[in-house]
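Everything below concerns the one structure shown next.
Derivation of every value follows stated rules applied to the coordinates shown; laboratory data play no part. Because the structure is a prediction, the values reported are computed rather than measured. Ideal geometry is used to build each Cβ from the backbone, glycine not excepted, and the neighbour counts take in all protein chains shown.
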Amino acid sequence: MSKRIILSSALSILCALLGLNGFAQESPAGKPTEETVAAAKKFLATLDESQRGKVVFDFKDEAQRKRWSNLPTAMVKRGGLRTGEFTQTQRDAVLAVLEAALSRQGYEKVLQIVEADEVLKKTGGQRMFGRDEYYVSFLGQPSLTEPWMIQFGGHHLGLNITLVGDQGTLAPSHTGAQPAIYELEGKTVRPLGRESDKAFALLSSLDEAQRKQAILGFQMRDLVLGPGRDGQTIQPEGIKGSALTDKQREMLLDLASEWIGIMPGAIAKTKMEELKKQVSETWFAWSGPTENGGAAYFRIQGPTVIIEYAPQRLGGDPTKHIHTIYRDPTNEYGAKWRKP
Amino acid sequence: MITMAHRFALLLVALVALPPAVFGHRLDEYLQATLVSIEAGGVRVQINLTPGVAVADQVLRLIDRDNDGVISTNEAVAYAELLKRDLTLRVDCRDLELKLTAFEFPAPGELRTGWGIMQMEFFSKTSSLAGGAHKVMLENRHVPAASVYLFNAAQPKSGEIQIISQKRNDNQSVGEIEFSFSSPPSSSRVGRIVAPVVILAVAVLFGRRGRTKLVTPT
């Protein structure tokens, strides 16, 4: 696994150096569901009976569905199988599942988040961190027709991917990073760097009157709708999409694509089209410093999306410790596709 | 002899002694995240409380009063009441009384790790609101020296309520929600009265025919 991560990070750095910024612009065709299902079945085939029993949950298992967190696995137990217990073949098979289920951009981001935790382990000597402390589980059996779910998570990562035929959703999912910036093979890696850069660019594009609407006059010290806040919906605040220019609306959508684009092309494209239709009803809110690169909180909230980005004041420099959440209040865990 | 209490103390010392950049999670803060739901008949206040590892013992002393390492139902209720005394809820400048409606406490051991979340829900009935603009104000004065507050209005579930604006002080310990209430059209009111009567009548009718299914008018 470590070899793949390093290779993958190196690929990311290489792409950045080559100016291929933003994997979101990859082919919209995406990957067929068949590939994800095949990879998942191949992974299951690498497991023995006992391991399969631990990794596959009933699709209706609500406790397991909601068993995810931003916290280290030593603090909040996850279900499923721990990556540290896998053989190299099994690790490769898990990565193949993620590679198939996610976009290239999403896969890179996930690997970089995991690698950040490995850096945290090495610099802090804490065994509860690192790439061995992530868990994988399936709810339901991999299927081309029936709903099923892939969960992959640990510290600063909670992916909840619900797939129903060719449809899929990432909601709700958590991404985070600590350190949010680190060196690998002499190159700088920022797992959530584009999110921050695009948000600051959008803020910079606002005129004085727009800023007055967008900037909240109080501190935001954490995510409002983070892990454990399923089913809650808050009143939107900030500046409404209808008060933005066309260019700013494009920037807002591009910012949201950093989360939506974690899913592969076809699924992300469908979701982005939905968002585009609702962009006038989508809000952008900001709290904190406005100087580029500062530890600022922001939120995107529309009829079918909630995204929050919250630097954490705990653990030193808040720009180096980020929590984010992605939700769809109308389709959490694929609710609208699931049979009652 | 090293007791369990000593072990916890040593663990806490060790955790607190960790460089913040290494541990990287809530240590000396008490996060109190409040969600205020305005409903036609009242105001619901949900508070999630997460004590950091360095303040968890201080908070636990307020909860586990007999220090037996268990949070009993009575202790949980007593702490919720303690929290309630530190809350002020006003609608249109009139103080309202909050009633504890639900709570969930993790085990003390979990709270001591700094990851445990206590959830409490209060409700306050409002007398029938007149149509038009109103204000809800909530102030939280609970453990102010160590607390970090979040205050948010929930998106109303009823179309009768529209949030107009939200205001907070800098640390969000005080929040104000301005909202409008539009009373339902009279036909709906009639419907609300008639519908349960019809349902009840149907239930009685079916009941007489020997059906066992119960219908509860709502």
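Mind scanning A:Lys41/A:Lys271; A:Lys77/A:Lys198; A:Lys277/B:Lys99; A:Lys66/A:Lys121 and naming the pairs with a C-alpha gap bigger than 31 Å?
Those over the limit are A:Lys77/A:Lys198; A:Lys277/B:Lys99.
Please give the average number of partner chain Cβ atoms lying within 10 Å of the Cβ of each residue in A:233-240, rounded to a whole number. Intermediate results must be reported in sequence, preceding the final value.
On the way: counts 7, 9, 15, 3, 5, 0, 0, 0.
Taking the mean over all residues of the peptide, I get 5.
Just A:Gly238, A:Gly130, A:Gly53 to compare: in a GNM of chain A, with alpha carbon springs under 10 Å, which one fluctuates most?
A:Gly53
Mind jotting down the distance between the C-alpha centroids of the range B:95-109 and the range A:41-115, whole Å?
After rounding, the separation between the Cα centres reads 35 Å.
Scaled to the compact-protein estimate 2.2 N^0.38 Å, what is the alpha-carbon radius of gyration of the range B:27-151, rounded to two decimal places? List each step's numbers first, then the result.
Values: Rg = 15.4 Å, N = 125, 2.2 N^0.38 = 13.8 Å.
With N residues counted in the range B:27-151, Rg over 2.2 N^0.38 Å equals 1.12.
For all pairs of alpha-carbon atoms in chain A, what percent lies in each bin of width 20 Å, listed from the first bin to the last filled one?
Each 20 Å bin holds this share of Cα pairs: 33, 60, 7, 0.
Using a 10 Å cut-off around each Cβ of peptide B:142-155, what is the average number of partner chain Cβ atoms that fall inside? The partial results should precede the final answer.
Values: counts 0, 0, 0, 0, 0, 0, 5, 3, 8, 2, 7, 4, 4, 7.
Shielding by partners across B:142-155 averages 3.
Averaged over A:216-225, how many beta carbons belonging to a partner chain fall within 10 Å of each residue's beta carbon? Could you put the intermediate results ahead of the total?
On the way: counts 3, 4, 13, 8, 3, 9, 7, 2, 5, 3.
The mean count of partner-chain Cβ atoms within 10 Å per residue comes to 6.
Between the helical axis of A:33-45 and the dominant principal axis of chain A, each derived from Cα atoms, what acute angle in degrees is found, rounded to the nearest 10?
Helix A:33-45 sits roughly 40 degrees off the main axis of chain A.
Among B:Met137, A:Met75, rank each residue by its count of other Cβ atoms within 10 Å, from fewest to most, as a rough exposure measure. Intermediate values should be presented prior to the final figure.
Numbers: B:Met137 19, A:Met75 16.
Final ranking by Cβ density, sparse to dense: A:Met75, B:Met137.
Among the listed pairs A:Lys60/A:Lys276; A:Lys269/A:Lys336; A:Lys240/A:Lys276; A:Lys54/A:Lys339; A:Lys54/A:Lys122, which have their C-alpha atoms separated by more than 21 angstrom in this model? Numbers along the way, then the final one.
Values: A:Lys60/A:Lys276 32 Å; A:Lys269/A:Lys336 18 Å; A:Lys240/A:Lys276 14 Å; A:Lys54/A:Lys339 25 Å; A:Lys54/A:Lys122 29 Å.
Flagged as over cut-off: A:Lys60/A:Lys276; A:Lys54/A:Lys339; A:Lys54/A:Lys122.
If you rank A:Arg194, B:Arg141 by fewest surrounding Cβ atoms within 10 Å, what's the result?
Ranked by crowding around the Cβ, least crowded first: B:Arg141, A:Arg194.
To the nearest 10 degrees, how steep is helix A:2-17 against the longest Cα principal axis of chain A, on a 0 to 90 scale?
The helix A:2-17 is inclined about 30 degrees to chain A.
How would you rank A:Ser143, B:Ser182, A:Ser196, going from fewest to most other Cβ atoms within 10 Å of each one's own Cβ?
If I rank by nearby Cβ atoms, fewest first, I get B:Ser182, A:Ser143, A:Ser196.
Would you please give the residues with an amide H less than 5 Å from that of A:Gly176, counting only those at least 5 places away or on a separate chain, with H modeled from the backbone geometry?
Those qualifying (amide H under 5 Å, at least 5 residues apart or on another chain) are A:Thr324.
Along the charge dipole of the range A:107-254, which of A:Gly231, A:Phe138, A:Gln167 sits closest to the positive end, that is, farthest toward it, with unit charges on the beta carbon of Lys, Arg, Asp and Glu (+1, +1, -1, -1)?
The listed residue farthest towards the positive side: A:Gly231.
As an exercise, identify the GluC sites (Glu not before Pro) in the range A:275-312 lying in DSSP coil whose Cβ has no more than 11 other Cβ atoms within 10 Å.
A:Glu291
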